[in-house]
Amino acid sequence: AIWPEDNTKWPKQIRANGHLLLNSMKMSKSTGNFLTLRDAINKFSADGMRFALADSGDSVEDANFLESVADTAILRLFTFIEWVKEQLAAKDSLRTGPISTFDDRVFESEMYKLINESEGHYNAMMFKEALRTSFYEFQACKDKYREVSSESMHRDLILRFIEYQALIMSPICPHVAEYVWELLGKEGFIVQQPWPVAGPVDEILVRSSQYLMESAHEFRLRYKVYTTPKGKQKVAPPKPTHGVIWVAKTYPPWQDTVLTTMKNLH
């Protein structure tokens, strides 16, 4: 109606959803379960509110705005900003040189994989899924890299992580992203930057890392069971000093038959 002859100004897509619930209950002035846009921004900040809205749901079902999620979002975003400041202040102490270790290459592939997944979710306007891959899982892969790095973390990877994180979270939390962009000393506004171009993803490397982490988790569980007193025992057994890993070179006959049959059918 406003630009009947200029379709470049028309909406490209329309996003629809059901009613908006507040803390799992219908918003109603009569019950007092009510929150205005202005009050929400004053209470949770614009980005905290946007974070909770993205997390509230993707489909045409009722979206559920949870104040607990908004509170947690503020803490998570603040923690991320403080971590960025710490890394930038200490970047000269981080490792340099070739990106060659197993942990380096896994971290790089995981970042590329999540960048691609996040782009797909944004294009489909699936903001809850986009939040999951662009923030929750992106932060988790950084935390894992920090924990498993046998040496110090690689400076170039950490700086790239911060830049990628700011770029892919900017559609949901633009103010935090702009602030991090400034901390990095980048030119211009982050909202004017293109989507980051992901490099090749080594799926075998990513799956190998997942298997390693799952195996380590299994070791911890077995260690806990082994060192816990059994039945009427009052004293725990002595702590083990080592573990033995057995690696099967072939599948059991029944598994081999099933896998071969499935492969032939596929």
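Those residues that are polar (S, T, N, Q) and in a helix (DSSP H, G or I), I need them from region 142-182; list them, please.
Across region 142-182, the qualifying residue is only Q165.
Contact annotation: residue pairs with Cβ atoms under 9 Å, 6 or more positions apart or on different chains, pairing a residue in region 244-266 that is modelled with pLDDT under 95 with a partner that is among the charged types (D, E, K, R) and part of a helix (DSSP H, G or I), are T250/D256.
Residues that are in contact with a Lys or Arg (Cβ under 9 Å, 6 or more places away or on another chain), under 22 Å from P196 (Cβ atoms) and buried (at least 19 other Cβ atoms within 10 Å of the Cβ) are absent from region 62-83. For D92, the requirement of being modelled with pLDDT of 95 or more, loosely packed, with under 14 Cβ neighbours inside 10 Å, farther than 25 Å from S45 by Cα and not β-branched (V, I, T) is not met.
Across region 97-127, the number of residues qualifying as touching a residue at least 12 places away in the same chain (Cβ under 8 Å) and open to solvent by 80 Å² or more (accessible area, probe 1.4 Å) comes to 1.
Going by the structure shown, is Y136 aromatic (F, W, Y) and open to solvent by less than 40 Å² (accessible area, probe 1.4 Å)? Answer is no for this residue. Scanning region 3-58 for residues that are touching a strand residue (DSSP E or B) at 6+ places or on another chain (Cβ under 7 Å) and of a type in the set (F, W, Y) turns up just one, F34. Among the residues of region 32-50, are any within 17 Å of the chain's Cα centre (by Cα), without any contact (Cβ under 8 Å) to a residue 24 or more places away in the chain and within 27 Å of A124 (Cα to Cα)? Scanning region 32-50 turns up no residue that is within 17 Å of the chain's Cα centre (by Cα), without any contact (Cβ under 8 Å) to a residue 24 or more places away in the chain and within 27 Å of A124 (Cα to Cα). Within the bounds of region 139-162, is there any residue that is farther than 20 Å from F51 by Cα, surrounded by 14 or more Cβ atoms within 10 Å (Cβ to Cβ) and touching a Ser or Thr at 6+ places or on another chain (Cβ under 6 Å)? Within region 139-162 (the criterion being farther than 20 Å from F51 by Cα, surrounded by 14 or more Cβ atoms within 10 Å (Cβ to Cβ) and touching a Ser or Thr at 6+ places or on another chain (Cβ under 6 Å)), the answer is yes, since at least one residue qualifies.
The C-beta contact set for region 168-192 (first residue without any contact (Cβ under 8 Å) to a residue 12 or more places away in the chain, second residue part of a helix (DSSP H, G or I) and among the charged types (D, E, K, R), distance under 9 angstrom, 6+ apart or interchain) comprises F189/E178.
Evaluation of H154 against the conditions (1) on the phi > 0 side of the Ramachandran plot; (2) over 19 Å from the mean Cα position of the chain (by Cα) shows that the sole unmet condition is (1). The residue that is nearest to E117 (Cα to Cα), counting only those in region 224-245 that are in a helix (DSSP H, G or I) and open to solvent by 100 Å² or more (accessible area, probe 1.4 Å), is K224.
The values are calculated or read from the model by the stated rules, or taken from the named source; none is laboratory data. From a predicted model like this one, the values you see are computed outputs, not experimental measurements. A quick note on method: Cβ atoms are made from the backbone with ideal geometry, for glycine too, and the neighbour counts reach across all protein chains shown. What goes into the accessible areas is simple: the full protein's heavy atoms, side chains included, and nothing from ligands, DNA or RNA. Shrake-Rupley method; radii C 1.70, N 1.55, O 1.52, S 1.80 Å.
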